[in-house]
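Colleague: One structure coming up, written as structure tokens, with questions to follow.
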Amino acid sequence: MKYVSTRGSAPALDFAGVTLAGLASDSGLYVPEEWPQFSLDEIAAMRGLPYAELAARVMQPFVGDCLSPDRLGELTAKAYGRFAHAAVTPLTQLDERQWLLELFHGPTLAFKDVALQLLGLLFEEFLERENGSLTIVGATSGDTGSAAIDAVAGLDRVEIFMLHPKGRVSDVQRRQMTTVRAPNVHNIAIDGSFDDAQAMVKRIFTDRDVTANHRIGAVNSINWARLMAQVVYYFAAALQLGGPERKPAFSVPTGNFGDIFAGHVAARMGLPVERLIVATNVNDILHRALSAGDYSTGSVTPTAAPSMDIQVSSNFERLLYDVGGRDGAAMAEQMRGFEAERAMRLTNAQREGASALFTSMRADENDMARAMRWACENCAEIVDPHTAIGLHAARASELPPGVPAVTLATAHPAKFPDAVERATGTRPALPTRVGDLFAREEAYAELPGTYEAVRDHILEHAV
Ligand SMILES: *Cc1c(COP(=O)(O)O)cnc(C)c1O
């Protein structure tokens, strides 16, 4: 399997290459040259497989010759063996139509573990082969940082520098990063916003003083291997609900468009899917783009669902490329316009291509709180603020009779106890598997919000 850039001019890479690369050299994102196909019979034959085996079956065509089927199976067994639930991503029924796909049974309580637990193992596998090492530099508004640190802590060939905006991540999120004591883990709190941290990370990737001696890697959802691992649970859920004969709809709390793009990939591979519902909060650039063709940035409004508080949704470029004719030169041109204007219109082909499968819905703080209360009072389920936005969209969407609606439950409610308590009156308890999170000692550097301070810190501490 070969991977090409959405902007058409970076060299094609194999799976090992895209796993270790971040952004393509032409600033595009890597996508498979073509979508692997499963027939309905092949999909039906996946019914009843344990999750790790299903994962290896669905991912094998993307991995190509880079890993043997046996080796891939060993890695998925190891990655998903760390989950607290034997089904890995179990489904919970809410009413005759609504279901929750619980993606938060990994070590750090958010869906990002599903991909990052595997990504850590893939890094190690491919670096060992070339006797190389990787310095990961990332910025987090909460969930990516903790999931990435857990996934790579203690690895020999990887070290990680994770920036978070000081005072702007929840206590649980911060402690999940700063109490991990491994020599290859470096936490940095900066004076500034998430966007400031993100801008610094982008600069690191092109700073010769850093890249001359260190290979810099990425763990955000521009990394293809992360999206690939997320395709699996769409298959798992559909098969549980009567697929491939019966088509479910999926409602996905969306920020960077990684999680829902994986649903698009599953459909492209042949999985029958009725609809993909993009659920946004008031930071609704994706809702405006899909409903009116208007992809224009504004300013970010902080909400109780911080992982969806975005201005620009990086993976949306992958969808626009795929449904808009796969023309790298045209995509590069369109994105240059967007980067200059901070706004663009979708082409007719992009709008029509997206509307075949996607709809979108925007939920404000009231809609979110009402969905949380509905689940609590009618179904005895406590859901987190992100999941509540997805659930609101699933319940408000018009779907044909008999179509099950699956909301992706992206985080455990105990990650956001204040917002959950405000809406439902119940304060969710942390699961015992996170242990004595609030008793453990924290370690992190505090740096001023200047690029030089961060770069010098990385150069001083990177091996
Ligand atoms: C990251 C995250 C999201 C958004 O996922 P994208 O792939 O960026 O669209 C939603 N909910 C939670 C809890 C998250 O951590």
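The values are calculated or read from the model by the stated rules, or taken from the named source; none is laboratory data. Note that the structure is a prediction, hence the values are computed from the model and not measured. Virtual Cβ from ideal backbone geometry, glycine too; neighbours counted across all protein chains shown. Surface accessibility is based on the protein's heavy atoms, side chains included, excluding ligands, DNA and RNA. Shrake-Rupley method; radii C 1.70, N 1.55, O 1.52, S 1.80 Å.
Colleague: Treating only the Cβ atoms of Lys and Arg (+1) and Asp and Glu (-1) as charged, compute the dipole magnitude of the chain about its Cα centre; round to the nearest 20 debye. It would help to have the intermediate numbers written out before the result.
Modeller: Details: 42 positive and 57 negative charges, 85 e Å.
Here the chain has a charge dipole of around 400 debye.
Colleague: Determine how many Å³ per residue the convex hull of the Cα atoms of the chain encloses. Kindly include the intermediate steps, with their values, before the conclusion.
Modeller: On the way: hull volume 61.6 nm³, N = 463.
Per residue, the Cα convex hull of the chain comes to 133 Å³.
Colleague: Any idea of the accessible area per residue across the chain, 1.4 Å probe, to the nearest Å²?
Modeller: Working: 17870 Å² over 463 residues.
Counting only protein heavy atoms, the per-residue value for the chain is 39 Å².
Colleague: What figure, in Å² to the nearest 10, do you get for the accessible area of Val185 with a 1.4 Å probe and non-protein molecules left out?
Modeller: 20
Colleague: Ordering Thr301, Thr6 from largest to smallest accessible area (1.4 angstrom probe), what's the sequence? Please list the in-between numbers first.
Modeller: Details: Thr301 65, Thr6 0 Å².
Ranked from most to least accessible, the order is Thr301, Thr6.
Colleague: Rounded to the nearest 10 Å², what accessible area does Lys78 show when all protein chains are kept and the probe is 1.4 Å?
Modeller: Number for this one is 120 Å².
Colleague: Restricted to Cα positions, what overall size does the range 344-385 have along the principal axes? Three whole-Å values, descending.
Modeller: 43, 19, 12
Colleague: Between Asn378 and Glu442, how high is the FRET efficiency from 1/(1 + (r/R0)^6) when r is the Cβ-Cβ distance and R₀ = 30 Å? Nearest 0.05.
Modeller: Values: r = 39 Å, r/R0 = 1.31.
Result of the calculation: an efficiency of 0.15.
Colleague: Oh, and also: Kindly rank 257-265, 43-51, 69-77 from highest to lowest mean number of other beta carbons found within 10 Å of each residue. All intermediate terms of the calculation are to be shown ahead of the outcome.
Modeller: Details: 257-265: 26.0, 43-51: 15.3, 69-77: 16.9.
Averaged packing, sorted descending, gives the order 257-265, 69-77, 43-51.
Colleague: Here's a follow-up. For the range 391-454, place one equal point scatterer on every Cα, skip the solvent, and apply the Debye formula. What is log10 of I(q)/I(0) at q = 0.22 Å⁻¹?
Modeller: -1.00
Colleague: Which value in deg cm²/dmol, rounded to the nearest 500, describes the helix-derived mean residue ellipticity at 222 nm for the chain, given -39,500 (n - 2.57) per DSSP H run of n ≥ 4 and division by the residue count? Intermediate results must be reported in sequence, preceding the final value.
Modeller: Working: 19 runs with 201 residues, N = 463.
Computed ellipticity for the chain at 222 nm equals -13000 deg cm²/dmol.
Colleague: Taking the Cα atoms of the range 328-463, report the difference between the largest and smallest coordinate on each principal axis, in whole Å and largest first.
Modeller: That works out to 61, 51, 25 Å along the principal axes.
Colleague: Rounded, prolate or oblate: which fits the range 48-192 when a ≥ b ≥ c are the square roots of the eigenvalues of the alpha-carbon gyration tensor, with rounded for a/c under 1.5 and prolate only if a/b beats b/c?
Modeller: Values: a/c = 2.48, a/b = 1.14, b/c = 2.18.
Here the range 48-192 falls in the oblate category.
Colleague: Multiply the residue gap between Ala86 and Arg427 by 0.36 nm, knock off their C-alpha separation, and tell me the result in nm, one decimal place. Kindly include the intermediate steps, with their values, before the conclusion.
Modeller: Details: separation 341, 0.36 × 341 = 122.76 nm, distance 2.59 nm.
Between Ala86 and Arg427, full extension yields 120.2 nm more.
Colleague: Follow-up question, since we're still on this one. Can you list the GluC sites (Glu not before Pro) in the range 362-463 that are in a DSSP coil and have 15 or fewer other beta carbons within 10 angstrom? Mind dumping the intermediate values first?
Modeller: Values: sites: Glu365, Glu377, Glu381, Glu398, Glu421, Glu441, Glu442, Glu446, Glu452, Glu460; in loops: Glu381, Glu398, Glu441, Glu442.
Sparse-neighbourhood loop GluC sites (Glu not before Pro): Glu398, Glu441, Glu442.
Colleague: Full extension from Asp327 to Ala453: what is 0.36 nm times the residue separation minus their Cα-Cα distance, to one decimal in nm? Please report the intermediate quantities before stating the final value.
Modeller: Values: separation 126, 0.36 × 126 = 45.36 nm, distance 4.04 nm.
Working it through step by step, the gained length comes to 41.3 nm.
Colleague: While we're on this one: Give, in nm to one decimal, the length gained when the segment between Glu128 and Asn213 is fully stretched (0.36 nm per residue of separation minus the Cα-Cα distance).
Modeller: Values: separation 85, 0.36 × 85 = 30.60 nm, distance 1.84 nm.
Length gained, Glu128 through Asn213: 28.8 nm.
Colleague: Heads up, I need the accessible area for Lys202: 1.4 angstrom probe, whole protein in place, Å², nearest 10.
Modeller: 140
Colleague: Could you please state how large a percent of the accessible area of the chain is carbon and sulfur, counting protein chains only and using a 1.4 Å probe? It would help to have the intermediate numbers written out before the result.
Modeller: Numbers: 8290 of 17870 Å².
Carbon plus sulfur share of accessible area: 46 percent.
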